[in-house]
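Note sheet for the following structure.
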Amino acid sequence: MWEYETLIHSHGLFWFITMILFGLTIVLLKSGKLKLAKVIQMSLRILYILLFVTGGALVLMNIWWGALLKGLLSFWLIYMMELISNRMAKNLLSKKDALLFWVQLIISFSAVLYMGYLV
Ligand code: HEM
């Protein structure tokens, strides 16, 4: 049904767009444009679904410990993105939580890129 090459390229495109939309959501929330941020956040969630579908298919097409670990690390990354943007939108992100979540986001994103490109 799906070629591994097509999947990995569309997966690559989806995560690239995801990171841009996440950055845009944070910038819009910080500048108080809450309505527009909400619209972008909705599109971000569609991208999460596309990443789960293409990522899940990649795992199933080539099951090995690296792909499974990569998938788990990606869930951690997406959970951190959702937690940060959600708490910011509700103005419930304390300085302490912000530090904790952003550090986890940077660690998980670095680990995902490492697993995706170097392992
Ligand atoms: C924001 C979230 C995500 C990012 C930034 C991301 C990033 C990447 C990158 C950079 C690659 C390598 C692409 C290439 O070789 O051209 C990759 C491959 C892969 N991703 Fe993701 N991904 C994300 C979400 C997911 C999810 C949710 C899953 C699983 C459900 C997943 C499973 C995989 C798998 C299995 C591969 C192929 C790894 C291999 O066999 O070498 N990814 N991803």
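Answer yes or no as to whether residue 77 is within 11 Å of the ligand (Cβ to nearest atom) and open to solvent by less than 40 Å² (accessible area, probe 1.4 Å).
Values: within 11 Å of the ligand (Cβ to nearest atom): yes; open to solvent by less than 40 Å² (accessible area, probe 1.4 Å): yes.
Spelling it out, residue 77 is indeed within 11 Å of the ligand (Cβ to nearest atom) and open to solvent by less than 40 Å² (accessible area, probe 1.4 Å).
Can you name the condition, by its number, that residue 46 falls short on among (1) closer than 14 Å to residue 115 by Cα; (2) β-branched (Val, Ile, Thr); (3) modelled with pLDDT of 95 or more?
Only one criterion is unmet by residue 46, namely (1).
So, of the residues in segment 2-38 that are closer than 17 Å to residue 91 by Cα and of a type in the set (Val, Ile, Thr), which turns out to be most open to solvent (accessible area, probe 1.4 Å)?
Here the answer is 27.
Considering each of 103, 53 in turn, give the residue that is near the ligand (Cβ under 9 Å from one of its atoms), open to solvent by less than 80 Å² (accessible area, probe 1.4 Å) and part of a helix (DSSP H, G or I).
Numbers: 103 fails: near the ligand (Cβ under 9 Å from one of its atoms).
Only one candidate passes the filter, namely 53.
Checking residue 110 against (1) in contact (Cβ under 8 Å) with a residue 24 or more places away in the chain; (2) hydroxyl-bearing (Ser, Thr, Tyr); (3) surrounded by fewer than 13 Cβ atoms within 10 Å (Cβ to Cβ), which test does it fail?
Looking at each condition in turn, residue 110 falls short on (1).
Could we say that residue 85 is in contact (Cβ under 8 Å) with a residue 24 or more places away in the chain, within 8 Å of the ligand (Cβ to nearest atom) and on the phi < 0 side of the Ramachandran plot here? Quick ask: steps written out before the conclusion?
Working: in contact (Cβ under 8 Å) with a residue 24 or more places away in the chain: yes; within 8 Å of the ligand (Cβ to nearest atom): no; on the phi < 0 side of the Ramachandran plot: yes.
Criteria not met by residue 85.
Of the conditions (1) in contact (Cβ under 8 Å) with a residue 24 or more places away in the chain; (2) more than 16 Å from the chain's Cα centre (by Cα), residue 28 clears all except one; give me its number.
Condition not satisfied by residue 28: (1).
Only one residue in 59, 119, 103 is touching a Leu at 6+ places or on another chain (Cβ under 9 Å), farther than 18 Å from residue 17 by Cα and free of Cβ contacts under 8 Å to residues at least 24 places away in the same chain, so which one is that?
Values: 119 fails: free of Cβ contacts under 8 Å to residues at least 24 places away in the same chain; 103 fails: touching a Leu at 6+ places or on another chain (Cβ under 9 Å).
Step by step, each of 59, 119, 103 is checked, and only 59 is touching a Leu at 6+ places or on another chain (Cβ under 9 Å), farther than 18 Å from residue 17 by Cα and free of Cβ contacts under 8 Å to residues at least 24 places away in the same chain.
The values are calculated or read from the model by the stated rules, or taken from the named source; none is laboratory data. None of the values given here were measured: they were computed from a predicted structure. Ideal geometry is used to build each Cβ from the backbone, glycine not excepted, and the neighbour counts take in all protein chains shown. Ligands, DNA and RNA are excluded from the accessible area calculation, which covers all protein heavy atoms including side chains. Shrake-Rupley method; radii C 1.70, N 1.55, O 1.52, S 1.80 Å.
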